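Colleague: Right, I'll just put the structure down here and ask away after.
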Amino acid sequence: MRKIHHKIANKTKIILILFIILFFKGAIYSQSLDEIKKADTIYIYFDRNKKYSIREETFGNEKSEFYKNYIMYRFNPDPMNIISFSSNTYKNRDNIKKGIKNDERIEKKSFLKKNKDIILDYAFFEKNGFKEIFFEIYKKTVYLIDKEEIKGRKIEVKQVDIACYTSFEE
């Protein structure tokens, strides 16, 4: 009887220790608004399979280099709040003439762990408020990581523009 009691007590201790480790690990790796405020570059992690995340490839009527790789990414929690990011080969038509492309690069998967404090996902926007986060990041350099474009251990990171933030308050 005593042996059984010790086994149960030991298992309970192990479970408690694992729970504490997991709890503190989550608290350590979460982004903070202070880190976002300090950073001059931030990353948006976009998962189209998540609720309220929309990815649309957009094509213009004119045959133009500007619309060749134009993609809109939106977090759309409700019709009153929308934040959009646009991805394109070129930032604007002047850059097409000059041949200046937006930054696109391939990173190793460890990039996610290294930059965890400045990678924002939908849950971060929802937790801290879309409007508040928009005003913190709209002047920063913004890159986007599209989950669908992660291939094995390689992650495509591309520079995007904040296309717009729409908020209708009642």
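The values are calculated or read from the model by the stated rules, or taken from the named source; none is laboratory data. Model, not experiment: these values are computed from the prediction. Don't worry about glycine lacking a Cβ; one is built from the backbone with ideal geometry, like all the others, and counts go over all protein chains shown. Just the protein is used for accessible areas: all its heavy atoms, side chains included, with ligands, DNA and RNA removed. Shrake-Rupley method; radii C 1.70, N 1.55, O 1.52, S 1.80 Å.
Colleague: Write out the chymotrypsin sites (Phe, Trp or Tyr not before Pro) in the stretch 74-170 meeting two conditions: DSSP loop, and at most 11 other Cβ atoms within 10 Å of their Cβ.
Modeller: PHE168
Colleague: Same structure, new question: What ratio of Cα Rg to 2.2 N^0.38 Å holds for the stretch 65-169?
Modeller: 1.14
Colleague: Now, a different point. Mind ranking ARG55, ARG153 by accessible surface for me, highest first, 1.4 Å probe?
Modeller: The residues order as ARG153, ARG55, largest area first.
Colleague: For the stretch 77-89, what does the Karplus curve 6.51 cos²θ - 1.76 cosθ + 1.60, with θ = phi - 60°, yield as ³J(HN,Hα) per residue in whole Hz, taken in order and with x for Gly and Pro?
Modeller: These are the phi-based 3J(HN,Hα) values: x, 7, x, 8, 10, 9, 10, 10, 10, 10, 10, 7, 5 Hz.
Colleague: Which whole-percent values make up P(r) of the stretch 101-143 when all C-alpha to C-alpha distances are grouped in 5 Å steps starting at zero?
Modeller: Once binned at 5 Å, the Cα pair distances of the stretch 101-143 give 5, 16, 23, 25, 17, 12, 1.
Colleague: On a 1.4 Å probe surface of the protein chains, which of LYS37, LYS98 comes out largest in accessible area, and what is the full order?
Modeller: LYS98, LYS37
Colleague: Still on this model: Which order do ILE100, ILE106, ILE44 take by accessible area at a 1.4 Å probe, largest first?
Modeller: Greatest to least solvent exposure: ILE106, ILE100, ILE44.
Colleague: How high is the relative contact order of the stretch 55-166, in percent, with contacts defined as C-alpha pairs under 8 Å that are six or more residues apart?
Modeller: Rounded, it is 30 percent for the stretch 55-166.
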